[in-house]
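First up is the structure itself, then whatever we jot down about it.
The values are calculated or read from the model by the stated rules, or taken from the named source; none is laboratory data. Quick caveat: nothing in here was measured; it's all calculated off a predicted structure. Cβ sites come from the backbone with ideal geometry, for glycine too, and all protein chains shown count toward neighbours.
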Amino acid sequence: MIDFQAVLMAAGRGSRLAELLSPDCPKYLLPVGNLPMIYYPLCALKRAGFRDVIVIVPNSNRYKIDETLSEKVGIRIEYVPVPASEDDLGTVESLRLVRDKLKKDVFVVSCDLVTDFDLGRLAEVHRTNNSTLTALFAPMSPTLKESPVPGSRGKPKLEKDIVGLEPKTDRLVLFNSEADFEEIVSVRRSVLRRHPVIGVRSDLVDAHAYVLSRWLLPWLVANKNIMTVKGELVPLVTKLQFHADPLKQQKYQKRDDDDDLPETSIFRFVPKPPELGPIESCYTLRQDEAEPIRCFGVVARDEFLVRANTTAGYVEANRKAHQLDTTMFSQVAVGRFDNVMGDQVSLGEKANVRQSVIGARCRIGAKATVQSSVLMDDTCVGDGASVVGSVLCGTLEVGQGSQLQNCVVCHKKNLPSGVRHANEVLGSFVEL
């Protein structure tokens with residue numbers, strides 16, 4: 001992947017996963033299918049042809065880096081910790097942090113993307129269309145919408161986006177959070193004249209995988225008020241692609257008066273088209289000169305794609321871990337009944353484990369039931385206990401005969417025998 005550089009965003013605190021985290025387990029190391037969450041986007045980048053990746057991590061977790069990841073995945077990793085004074089940077093702020101390392105178009109991927117989608121397709125769309133910004137989307141999982149969330153009552157409250165794509169070209173015409181719109185989604189007439197057919201959808205998940213043209217970086221440096229890629233950069237650039245270059249009064253004029261533009265104008269940073277001959281310049285208008293800013297979107301259709309950035313998404317990723325391509329994720333050992341079992345797991349006599357992810361060194365007691373649950377490393381479920389639809393965050397014990405339904409048990413929280421809990425977060429946690 002010689003035309004691009006990859007940046008993997010892993011500096012987020014994971015505020016929507018707070019009850020699952022601990023000082024010893026930051027978000028990017030949270031296990032999914034018994035593998036660190038960050039392993040999945042690293043593998044996806046490796047499959048797309050990347051040999052190197054810059055990984056931005058929290059300063060507070062710089063000593064918890066798994067140095068064996070690079071060898072396991074087969075990709076060179078440069079870890080960049082954010083400054084201690086800025087331990088909660090937005091994604092655009094993180095890009096500014098490494099801007100001097102970026103010399104090519106930038107592939108930006110979040111650490112919570114769990115997918116077997118070929119990211120090379122995203123790069124190809126970006127390259128073929130000389131795109132300014134290219135984003136990846138996927139249909140929202142039906143089970144994610146309908147399944148209860150451990151630790152709460154009811155179904156998940158999912159954030160929705162309004163995505164408008166031109167079917168024939170994959171041009172991204174409209175993008176914003178549903179909360180930013182009122183009852184009516186309006187589109188300018190000038191946009192409709194250029195793109196008369198737009199498919200508008202609210203059932204797509206933004207995968208937090210983007211390709212950005214290199215020239216956007218100096219513009220982002222000049223616009224320090226832009227903090228995030230998904231929430232601010234993508235909606236803004238999607239709108240700006242339909243704004244006229246203020247210095248182009250006639251189509252054959254060259255844009256050489258950048259000093260007349262405001263310092264923060266995106267048109268100061270748009271690459272100038274190559275020089276044309278005097279006759280050719282009067283009659284030829286290149287597509288990238290007519291539309292110097294262009295956004296595109298790619299929709300993953302049949303591939304596995306989940307964002308594990310919420311408790312609901314995390315459970316969904318673990319629930320479907322057995323569907324992953326085993327040639328890509330050779331470390332995932334799928335057991336009977338759609339279970340993913342770690343090393344040194346002990347099952348008691350007549351223990352019943354189904355559709356669950358069981359971490360290393362877990363012990364399931366005799367006649368105990370574990371169903372549709374995630375048990376992190378070193379969890380003990382006592383004899384006759386029942387754990388259904390729950391997440392047990394490791395190094396803990398559930399007493400004999402206890403019953404847990406749709407719960408989250410925080411790290412190192414032991415439960416006595418014979419207790420019953422449903423739809424609760426048990427134990428204490430500290431937001432990192």
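With the requirement that a residue be in contact (Cβ under 8 Å) with a residue 60 or more places away in the chain, hydrophobic (A, V, I, L, M, F, W, C) and within 13 Å of LEU220 (Cβ to Cβ), what does the stretch 90-110 give you?
VAL92, LEU95, VAL98, LEU102, VAL106, VAL108
Looking only at the stretch 294-310, which residues are hydrophobic (A, V, I, L, M, F, W, C), in a strand (DSSP E or B) and within 16 Å of LYS168 (Cα to Cα)?
CYS295, PHE296, VAL298, VAL299
Please identify the pairs in which a residue from the stretch 401-412 that is within 11 Å of ALA385 (Cα to Cα) and modelled with pLDDT of 95 or more has its Cβ atom under 9 Å from the Cβ atom of a residue that is assigned to a loop (DSSP other than H, G, I, E, B) and of a type in the set (Val, Ile, Thr), counting only partners at least 6 apart or on another chain.
GLY401/VAL419; SER402/VAL419; GLN403/VAL419; LEU404/VAL419
Check ALA138 against each of (1) out of contact with any helix residue (DSSP H, G or I) (no Cβ under 6 Å at 6 or more places or on another chain); (2) within 20 Å of MET37 (Cβ to Cβ); (3) in a loop (DSSP other than H, G, I, E, B) and name the one condition it does not meet.
(3)
Among the residues of the stretch 341-352, is there at least one that is over 22 Å from PRO36 (Cα atoms), modelled with pLDDT of 95 or more and surrounded by 21 or more Cβ atoms within 10 Å (Cβ to Cβ)?
No, every residue in the stretch 341-352 fails to be over 22 Å from PRO36 (Cα atoms), modelled with pLDDT of 95 or more and surrounded by 21 or more Cβ atoms within 10 Å (Cβ to Cβ).
Considering only the stretch 341-376, state which residues are at positive phi and out of contact with any Lys or Arg (no Cβ under 6 Å at 6 or more places or on another chain).
Once the filter is applied, which keeps residues that are at positive phi and out of contact with any Lys or Arg (no Cβ under 6 Å at 6 or more places or on another chain), the stretch 341-376 yields GLN355, ARG361, SER372.
What is the one condition in (1) within 17 Å of the chain's Cα centre (by Cα); (2) closer than 18 Å to ALA209 by Cβ that ASP105 does not satisfy?
Status for ASP105: all satisfied but (1).
Limited to the stretch 112-139, what total is found for residues that are charged (D, E, K, R), surrounded by fewer than 21 Cβ atoms within 10 Å (Cβ to Cβ) and touching a residue at least 24 places away in the same chain (Cβ under 8 Å)?
Residues that pass the stated criteria total 4.
State all residues of the stretch 168-186 that are over 21 Å from TYR210 (Cβ atoms) and of a type outside the set (Lys, Arg); if no residue qualifies, say none.
Hits for the stretch 168-186 are PHE181, GLU182, GLU183, ILE184, VAL185, SER186.
Of the residues ILE162, ILE184, only one is without any contact (Cβ under 8 Å) to a residue 60 or more places away in the chain and not in a strand (DSSP E or B); which?
ILE184
Does THR228 count as polar (S, T, N, Q), surrounded by 13 or more Cβ atoms within 10 Å (Cβ to Cβ), in contact with a helix residue (DSSP H, G or I) (Cβ under 6 Å, 6 or more places away or on another chain) and modelled with pLDDT of 95 or more?
Taking the combined requirement at face value, the residue satisfies it.
Quick check on the stretch 207-225: of everything there that is crowded, with 16+ Cβ neighbours inside 10 Å and polar (S, T, N, Q), which residue is farthest from LEU97 (Cα to Cα)?
The extreme case among them is SER213.
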